[in-house]
């Protein structure tokens, strides 16, 4: 069972080309995009490092929020109209033109609130990457890879072949540790 | 080609260029003046609350200030959204300046509460609410404005997180809630993507909220208090002239930043003036288009109740503010902005912008003072034209103080959050290069998203 556990390596590169090279070598070594994470202090265009399409679910949140908000809006206005049923100008008790702005307001409120929650949710879960290094915020590019214990040497070789300035595991730097290259 | 400022094309990625917040000090005469005006605004607001709660006419000029804030500070963040949506890299140094106006926009909510509390019952006067009694207009308008303000603040905060979070070790050391507030920022590809998506999604909601709030407030604080005034164009006129004034305010702020902030000033120049100047010219023409559409319809139909309302806001009662507004928002800007030389110079266009911002105050006076000061808001027509309600000394002090407070809050926000959007500017620098093309120079722009 020990060999099934995944461990993380983080390599730091000076140049974007080196980081792209590392991603390519990881792909060649059989690691897929779900195992690889790219960290940078500046947003690079998607796919610049050869990574796959990054998925997120943020766009689902406004739709869910809009539906909830509209439901609350309907409940608010229909409840108010039905609880005090006064016929105004011969129009129905619940007339669409008269309730449209409340529905719009409820829908927009729900969509905005859920979008904000969605951003927080998408940022919090999963909890980013385990390994990090402050040099990333100084402009170096980090390539993180999750590998099973038995595949760790393959990942290390792929990352090292792209000439990182440092290679980190949970235990610390592997570049200067005895027995590593 | 109006070349971008050279500094914007040469930003360092390692170490990354990090913009700083404004360094302000009360020893600076301008900052001290703003602080004094802000203090005056707070004092005048408290005085109004104590002496005029529930007195609608007393809140007429504060309503002008409310609609001024809504049409300047609240509309400015739209520039950040629109330029992101259209991938306008010229606006990179302007985006944070525009978004920072979300902070002083919060003052509009402070004004809205006592103003809404002074409104008469809906029954017996024209309104949007069709007898809906569960919270309209107080709760509905306050809720709509709060949605807009919340969206603006979320846009400002999310776009500022990469500039504020600092190194990952700092974020990891934060408490749970603070870390959540900083979006657990480590700079993963996924986080960058979510951030970009959030900016676009919330920007779209901001635009929707902006239009909606204008529809509600122009009706509840304007048309529904002046019997006979019925216009479907008026809310749109307010929203569009608000965009005109929001652009003007952003250009004016950019010129001030260039003059007083050496760091931000390196990136601000004629490229922004040229690009935004064209939109400002179009918005200036829209002033006339919407005014004329509204005016012509009523002039031709000759319905006495509508003509009376037009006589109040345009032709007789408030003709003076109308003429001043028309000159400052249309005649002079149009006459100046048609010249390339004016449009393509940040200093010159800032002068035109200041005319528009001042003109907007007079424009809002002609629209909102008469309804708020009208003692007879019920019925379908006015029996006689109301006398003009000119501001007294307290009203003038209130307007000067509260508008000063708006700028003071902006400057304070800019002293906490960098006035430049560092991560977007670094990305822009990466994707924009000046190249030689035959005998000239051209800008090569990459637009990957």
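The values are calculated or read from the model by the stated rules, or taken from the named source; none is laboratory data. Everything numeric in this text was worked out from a predicted model, so none of it was measured. Every residue, glycine among them, receives a Cβ derived from its backbone with ideal geometry; neighbour counts consider all protein chains shown.
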(request) Please indicate, with yes or no, whether at least one residue in region B:49-61 is under 30 Å from residue A:16 (Cβ atoms), in contact (Cβ under 8 Å) with a residue 12 or more places away in the chain and surrounded by 24 or more Cβ atoms within 10 Å (Cβ to Cβ). (result) no
(message) So, restricting to helices (runs of 4 or more DSSP H) that lie completely within region B:273-344, which ones have at least 2 residues that are in contact (Cβ under 8 Å) with a residue 60 or more places away in the chain?
(response) B:304-310, B:340-343
(request) Of the numbered conditions (1) assigned to a helix (DSSP H, G or I); (2) modelled with pLDDT of 90 or more; (3) more than 8 Å from chain B (Cβ to nearest Cβ), residue A:62 fails exactly one; give the number of that condition. (result) (3)
(request) From A:66, A:95, grab the single residue that is under 24 Å from the mean Cα position of the chain (by Cα) and not assigned by TED's automatic domain parsing to the domain that holds residue A:155. (result) A:66
(request) Determine whether residue A:30 is at pLDDT 90 or above, over 21 Å from the mean Cα position of the chain (by Cα) and not in a helix (DSSP H, G or I). (result) yes
(request) State yes or no: is residue A:75 within 10 Å of chain B (Cβ to nearest Cβ) and outside any loop (DSSP other than H, G, I, E, B)? (result) no
(request) Please work out which residue is farthest from residue B:185 (Cα to Cα), limiting yourself to region A:14-45 and to residues that are away from chain B (no Cβ under 12 Å) and touching a helix residue (DSSP H, G or I) at 6+ places or on another chain (Cβ under 6 Å). (result) A:29
(request) May I ask you to list the residues in region B:394-422 that are within 13 Å of chain A (Cβ to nearest Cβ) and surrounded by fewer than 23 Cβ atoms within 10 Å (Cβ to Cβ)? (result) B:422
(request) Test residue B:15 against the criterion of being surrounded by fewer than 14 Cβ atoms within 10 Å (Cβ to Cβ), within 14 Å of chain A (Cβ to nearest Cβ) and at pLDDT below 95, and give yes or no. (result) yes
(message) Take the conditions buried (at least 17 other Cβ atoms within 10 Å of the Cβ), assigned to a strand (DSSP E or B), touching a strand residue (DSSP E or B) at 6+ places or on another chain (Cβ under 6 Å) and in the same structural domain as residue A:146 (by TED's automatic domain parsing) and apply them to residue A:12. Does it pass?
(response) yes
(request) Taking the options A:44, A:132, name whichever one is more than 21 Å from residue B:180 (Cβ to Cβ) and under 19 Å from the mean Cα position of the chain (by Cα). (result) A:44
(request) Just one of (1) at pLDDT 95 or above; (2) surrounded by fewer than 19 Cβ atoms within 10 Å (Cβ to Cβ) trips up residue B:300, so point out which. (result) (1)
(request) Quick one: which residue in A:155, A:147 is part of a strand (DSSP E or B), more than 30 Å from residue B:126 (Cβ to Cβ), at pLDDT 80 or above and over 18 Å from the mean Cα position of the chain (by Cα)? (result) A:147
